[in-house]
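The values are calculated or read from the model by the stated rules, or taken from the named source; none is laboratory data. Because the structure is a prediction, the values reported are computed rather than measured. FYI the Cβ positions are ideal-geometry reconstructions off the backbone, even for glycines, and counts take in every protein chain you see. Ligands, DNA and RNA are stripped out before the accessible areas are found, and what is left, the full protein with its side chains, is counted by its heavy atoms. Shrake-Rupley method; radii C 1.70, N 1.55, O 1.52, S 1.80 Å.
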Amino acid sequence: MSLKHLNYDVAVIGGGAAGIAAAVAAAKSGSKTILVEAGPILGGELLSGMSIDGVLNGRGEWVVRGVADEIFEECRKMDGFIGPLHDYRLICYICVDPEIMKIAVMRVLERYGVTPALYTQVTDVVAQDGVIKSVILTHKNQRTILSAKYFIDASGDGDVAAMAGAPTELSDEKGDLQPLSLMFRMSGVENEPLLRFARDNANSLAVGESEAVRAGRTDEELAQAIYDQGEPTIFFRGNGPFLGAAIQRGEMAATALIMIMPTSKARKEVCVNATRVAENINGINALDVSRVVSRLMEQVWNTANFLKARCPGFENATFAGMAPRVGIRETRRVMGEYVLSADEAAGAVKQRDVITKGAHHIDIHQDGSRQVRIPIADGGSYDIPFGCLIPKKVKNLMTAGRCISTDRTANGTTRMMGQSLGTGHAAGTAAALCIDAGYEDVRQLSVPHLQSTLRSQSAVLEGTH
């Protein structure tokens with residue numbers, strides 16, 4: 001097998017939301033950047049059809065901008081941006097067309113000269129005295145030595161950090177892991193009858209789960225607000241009359257929610273999130289994940305048929321497609337110089353070393369219809385400090401996305417796509433600043449300098465609840 005050698009300023013591992021934002025930020029700041037992805041396409045969960053959560057707080061304030069804005073603007077140019085919507089439950093979010101997002105992501109990466117490396121896995125790390133010298137890339141026909149001055153682990157699973165010797169955690173003392181899910185889409189859905197059904201069945205909806213969102217309103221008034229918004233941002237709860245009865249009849253597998261949100265006005269298309277396999281499956285174990293894919297697909301098909309048979313607006317809908325991969329909520333967390341706690345996140349705590357914000361409620365899916373949902377105080381946002389991105393024991397590595405340094409409960413909010421975009425933006429910018437300054441250890445970087453640079457790039461660091 002031939003051996004090739006590549007040399008870059010910044011090597012980003014993982015082509016999901018965090019990796020894309022990191023690569024764009026680094027390249028935009030002048031660093032020669034490569035983005036390595038094990039799969040066949042860049043975008044990760046941005047392509048799932050799922051809403052992009054954590055970009056806005058429950059009050060509708062933007063808490064993640066910068067690189068995220070640029071990607072959304074590209075979607076908007078191609079009529080693939082539906083925009084900010086409110087679920088009148090806990091959060092606001094961004095809805096986009098995932099098919100348009102595929103192109104938008106590549107356009108933005110191409111704009112800044114990021115080199116993509118698809119179908120490529122990191123299989124080893126060469127490190128000495130806490131410095132990663134290179135990583136070994138494995139492709140179908142060869143292996144490549146990839147050297148870089150800085151590495152960003154946006155793998156979701158902390159693969160590079162773990163191989164480099166950084167400490168990691170998986171779950172907690174109980175050993176629970178969140179379920180796996182598979183998103184799917186249906187087209188030809190009629191909004192008016194669906195929204196009318198939701199409005200007239202408020203007792204079947206999950207609404208007003210934080211006082212900031214409820215604002216003294218009844219369930220019926222919140223259901224009316226969903227109707228008035230004109231887009232299907234609907235959560236049927238597993239213990240409500242509509243979905244709960246279906247579960248009891250055996251028409252639906254046990255689940256906490258059926259989530260419905262728009263993906264394309266032109267196709268009258270929505271994304272549906274309803275599936276789950278909760279067997280404490282370790283998402284790092286490919287064989288364990290693989291063995292439940294067929295079961296998730298059967299849940300997808302069953303849910304699609306249930307909606308067509310029982311939910312107004314879906315009568316003439318057609319199955320439009322599934323997410324390109326199984327959704328994995330929880331694997332390794334890389335322990336860094338700072339460990340964000342659940343109390344800090346839920347309490348909307350602001351931090352001196354903030355490099356991005358989070359706003360999604362703490363969301364921990366469990367088995368059956370059980371799910372923990374803890375709102376962020378006052379519908380606001382919390383700060384993520386720079387130390388959450390700096391793994392212990394390694395000098396020229398940062399993390400971004402799902403694997404950043406938090407406790408397990410806080411990971412239930414920091415794992416969202418919005419926070420992946422924000423931490424990726426910060427990590428990519430920090431890497432470029434370190435290279436420009438000649439720093440061999442990311443800890444040498446002045447946080448105020450990083451913050452001022454991020455502000456100049458439209459990142460949100462203050463001024464929100």
Theoretical FRET efficiency, 1/(1+(r/R0)^6), r = Cβ-Cβ of A38 and A266, R0 45 Å, to 0.05: 0.90
Scaled to the compact-protein estimate 2.2 N^0.38 Å, what is the alpha-carbon radius of gyration of segment 47-183, rounded to two decimal places? 1.32
Local electrostatic count at A431 - Lys and Arg +1, Asp and Glu -1, tallied over other residues with Cβ under 14 Å: 0
Quantify how much of the Cα-Cα distance distribution of segment 326-465 extends past 18 Å, in percent. 52 percent
Using label points projected 7 Å from each Cα along Cα→Cβ, tell me how many nm separate K140 and N280, to one decimal. 3.9 nm
Carbon-plus-sulfur fraction of the accessible area of the chain, 1.4 Å probe, in percent? 48 percent
Angle in degrees between helix 98-111 and the longest Cα principal axis of the chain, rounded to the nearest 10: 20 degrees
What dipole magnitude, in Debye to the nearest 20, does segment 119-237 give about its Cα centre under +1 on Lys/Arg Cβ and -1 on Asp/Glu Cβ? 620 debye
Average the reciprocal distances over every distinct pair of alpha-carbons in segment 104-153, invert the result, and give the Kirkwood radius in Å. 12.5 Å
Just to be sure I follow the definition: excluding the sites themselves, where is the longest run in the chain that has none of the trypsin sites (Lys or Arg not before Pro) in a DSSP loop with at most 11 other Cβ atoms within 10 Å? 175-351
Taking GluC sites (Glu not before Pro) as candidate sites, keep only those in a DSSP loop with at most 16 other Cβ atoms within 10 Å, then name the longest stretch of the chain containing none of them. 1-172
Rounded to the nearest 500 deg cm²/dmol, what is the calculated helix-only ellipticity per residue at 222 nm for the chain, with -39500 (n - 2.57) per DSSP H run of length n ≥ 4? -9000 deg cm²/dmol
Which whole-Hz couplings ³J(HN,Hα) result when phi for each residue of segment 161-178 is put into the Karplus expression 6.51 cos²θ - 1.76 cosθ + 1.60, θ = phi - 60°, listed in order with x for Gly and Pro? 4, 5, 5, 7, x, 6, x, 9, 10, 10, 6, 8, 5, 7, x, 6, 10, 5
What does the net charge come to around A117 if you take all other residues with beta carbon closer than 12 Å to its beta carbon, with K and R at +1 and D and E at -1? 0
At 1.4 Å probe size, what's the solvent-accessible area of L205? Round to the nearest 10 Å². 10 Å²
For the chain, the dipole about the Cα centre with charges only on Cβ (Lys and Arg +1, Asp and Glu -1), to the nearest 20 debye, works out at 820 debye
Qualifying chymotrypsin sites (Phe, Trp or Tyr not before Pro) for segment 88-126 [loop in DSSP, other Cβ within 10 Å: at most 16]: Y119
Counted charge near T356, where neighbours are those whose Cβ lies closer than 12 Å (Asp, Glu -1; Lys, Arg +1): 0
When the Kirkwood hydrodynamic radius is evaluated over all pairs of different C-alpha atoms of the chain, what value in angstrom, to one decimal, is obtained? 22.1 Å
Taking a 31 Å limit on the Cα-Cα distance, which of the listed pairs K32/K102; K77/K357; K32/K77; K28/K77; K149/K174 fall beyond it? K149/K174
For segment 346-464, give the magnitude of the charge dipole about the Cα centre (Cβ charges: +1 Lys/Arg, -1 Asp/Glu; no others), in debye to the nearest 20. 220 debye
